[in-house]
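Let me begin by presenting the structure, written as structure tokens, before commenting on it.
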Number of protein chains: 2
Amino acid sequence: MSKNFDVVGIGNAIVDVLVQADDAFIDAHGLTKGTMALVDEAQAERLYAVCGPGLETSGGSAANTLAGVAQLGGRAGFIGRVRNDQLGGIFAHDIRSVGARFETPPTTSGPSTARCLILVTPDAQRTMCTYLGASVTLDPADLDLELVAQAKVLYLEGYLWDSEPAKRAFIAAAEVVRAHGGEVALSLSDGFCVERHRASFLELVDGHVDLLFANELEICALYATDSFEQAVALVRGCCKVAALTRSEQGSLVLAGEVSHTIAPYQLGPLLDTTGAGDLYAAGFLHGYTQGQSLEACGRLGSLCAGLVVTQLGPRPQASLQDLVRLHLG
Amino acid sequence: MSKNFDVVGIGNAIVDVLVQADDAFIDAHGLTKGTMALVDEAQAERLYAVCGPGLETSGGSAANTLAGVAQLGGRAGFIGRVRNDQLGGIFAHDIRSVGARFETPPTTSGPSTARCLILVTPDAQRTMCTYLGASVTLDPADLDLELVAQAKVLYLEGYLWDSEPAKRAFIAAAEVVRAHGGEVALSLSDGFCVERHRASFLELVDGHVDLLFANELEICALYATDSFEQAVALVRGCCKVAALTRSEQGSLVLAGEVSHTIAPYQLGPLLDTTGAGDLYAAGFLHGYTQGQSLEACGRLGSLCAGLVVTQLGPRPQASLQDLVRLHLG
């Protein structure tokens, strides 16, 4: 079936606030390095009040991925909720300006646009505190099902599971995309998120997801194991493709009985790992929807992730298409 | 007279939107590279709608300088107007988070917080389009004269001259600081700004300003000459100290008949010149209010400017105190 969109994503529409912090700050505020914690508005404000100066930029896991697909030249669409406030305007501008379609109407009352305080430590790790704000008001009524039906791949972030209406929106969209001959991709998002929703994710991964993205921590959390090898054995065969990222060890792409080991790209000093997983998925999905081999998809994902970790923030500031020409052209 | 503040600044309270652009974009929109143009809200929105994704961060010329003074360990205060909107909250957070005092109450109605679209071209030049928004509603009634009276140096940006109430606020503050034994510093801000207000600046510089900051273009614009040497001859003796910055040629500090030539610092690849003049002033004023020699003040200014041009955005992301220890310790 001919499709007008390569990848359509559904996720939380978030503006990131990037702040440099040291380990003592992370510890003093009871945060767990490398993870995402949900906070309410009052907690978000308390933490913001005591942290250093920030850089604001559009974020959101699936939104970063879809922006990346668009930057690579793919036909990308994003569905997510902002409010009609200044940060909502920034979010909408940024994703549209790279060529992605984003038409979800903003809310006009209620909570403000979602904000994620990202504390970047000198070891380049990011620790996130997310106030979901308007993004949790995404519900099935917000879905542009016409857009979803036109997607080769529908991409969803596990973070949506933290909101019951958003989760229902996802499941409705997944049914539509499959009914129209498309495929469903899921990112597990975060180890704690997986632990919060393990049963639901397990059921989903076993038969309802075509492409699964997860890092080592997340896939181990899904199967409640400390052994990556055991997790690999368990996920193999559950979905058509599982792409498992392992930071400086690169990634492992599983399809049936076949495994591809993909080397990481080190393009410069490691500055901020924010967006690494999101950009891996962007590169992978762009290759996938262009009909590339799984190994080529993995390399493209690895390359995009390798770029974004050399800069501050989750969306590449340099041209991804130039990057591809340089390294894979 | 003992003072509780080293430097207090008055300026436009602005949030910057940093966008990478090429020369064709600058030309297509009738902009002049390297300058600041004032735009109304509709123009600002039109331009924003067609440009690439942005990074938002606190800016404003004098605000950048005062943030820099605070980051260097100086006692800094800033006076400027934001609205009580999301960008206003970001501005207030960022300047307070580095230790500067900022207590000007935000407006609760009227135009939104000022925004400056900064187009950064591959040659690291920045071209600015400023929507002044709430910042122009700064008037003498907003002045914290108690704060001003406690300043060793009152620092003002020439951009204030674009607003009649802000200009009046500045003149009122200058009278207060001088009456309390403090000194007045002025930055000429921008060549076009100087041309818009030449007569007023000339009168001011000749006797009412103790420390003058200008780049080569601005000081030439002030004396309507193409010759830097001629401008130097004309400004010499007008104010106690004139610090004239010359990009890759470093700076020239004049005091009476004495001249100090200060070499530039090249700390890394040139990425974005936004904030270079502001951080030069920060370093200079910090040295000055700590009683350092004019040559040492120039070196400190040069060092801070040398750092900020290696990063995207107008306020240093790395520690200025560490930088000083490394290079001047």
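Structure summary
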| read-out | value |
| --- | --- |
| Filtered residues of the stretch B:30-87 (kept if more than 9 Å from every other protein chain (Cβ to nearest Cβ), in a loop (DSSP other than H, G, I, E, B) and under 22 Å from B:Gln311 (Cα atoms)) | B:Lys33, B:Gly34, B:Thr35, B:Gly60, B:Leu72, B:Gly73 |
| Members of the stretch A:122-136 found to be surrounded by fewer than 19 Cβ atoms within 10 Å (Cβ to Cβ) and of a type in the set (S, T, N, Q), listed by number | A:Gln125 |
| Positions within the stretch A:160-202 being of a type in the set (Gly, Ala, Ser) and assigned to a strand (DSSP E or B), in sequence order | A:Ala185, A:Ser187 |
| Any helices (runs of 4 or more DSSP H) falling wholly within the stretch B:203-296 and containing at least 3 residues that are touching a Gly at 6+ places or on another chain (Cβ under 9 Å) and polar (S, T, N, Q) | none |
| Subset tally (residues that are in contact with a strand residue (DSSP E or B) (Cβ under 6 Å, 6 or more places away or on another chain) and within 13 Å of A:Leu320 (Cβ to Cβ)) for the stretch A:268-280 | 1 |
| Lone qualifier among A:Ala185, A:Ala114, A:Ala124 - being aliphatic (A, V, I, L, M) and either over 28 Å from A:Glu45 (Cα atoms) or more than 14 Å from every other protein chain (Cβ to nearest Cβ) (or both) | A:Ala185 |
| Test set (1) within 14 Å of chain B (Cβ to nearest Cβ); (2) closer than 15 Å to A:Asp94 by Cβ - A:Asp278 fails condition number | (1) |
| In the stretch B:216-234, residue surrounded by the fewest Cβ atoms within 10 Å (Cβ to Cβ) [restricted to those that are in contact with a Phe, Trp or Tyr (Cβ under 9 Å, 6 or more places away or on another chain) and closer than 22 Å to B:Leu279 by Cα] | B:Glu216 |
| Sole exception among (1) buried (at least 20 other Cβ atoms within 10 Å of the Cβ); (2) within 10 Å of another protein chain (Cβ to nearest Cβ); (3) under 30 Å from B:Ala100 (Cβ atoms); (4) in contact with a helix residue (DSSP H, G or I) (Cβ under 9 Å, 6 or more places away or on another chain) for A:Ile95, by number | (3) |
| Residue in the stretch A:261-272 that is within 20 Å of the chain's Cα centre (by Cα), surrounded by fewer than 19 Cβ atoms within 10 Å (Cβ to Cβ), farther than 14 Å from A:Leu328 by Cα and more than 14 Å from every other protein chain (Cβ to nearest Cβ) present | yes |
| Inter-residue pairs, beta-carbon under 6 Å, first surrounded by 24 or more Cβ atoms within 10 Å (Cβ to Cβ) and in the stretch A:175-187, second among the hydroxyl-bearing types (Ser, Thr, Tyr), 6+ apart | A:Ala185/A:Tyr155 |
| Qualifying positions in the stretch B:98-118 - out of contact with any Phe, Trp or Tyr (no Cβ under 7 Å at 6 or more places or on another chain), assigned to a strand (DSSP E or B) and aliphatic (A, V, I, L, M) | B:Ile118 |
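Taken together, the values in this text are just the output of simple stated rules run on the coordinates, not laboratory data. Fair warning: this is a prediction, and the values are worked out from it, not measured in the lab. Neighbour counts are summed over all protein chains in view; Cβ atoms, including those assigned to glycine, are modelled from backbone coordinates with ideal geometry.
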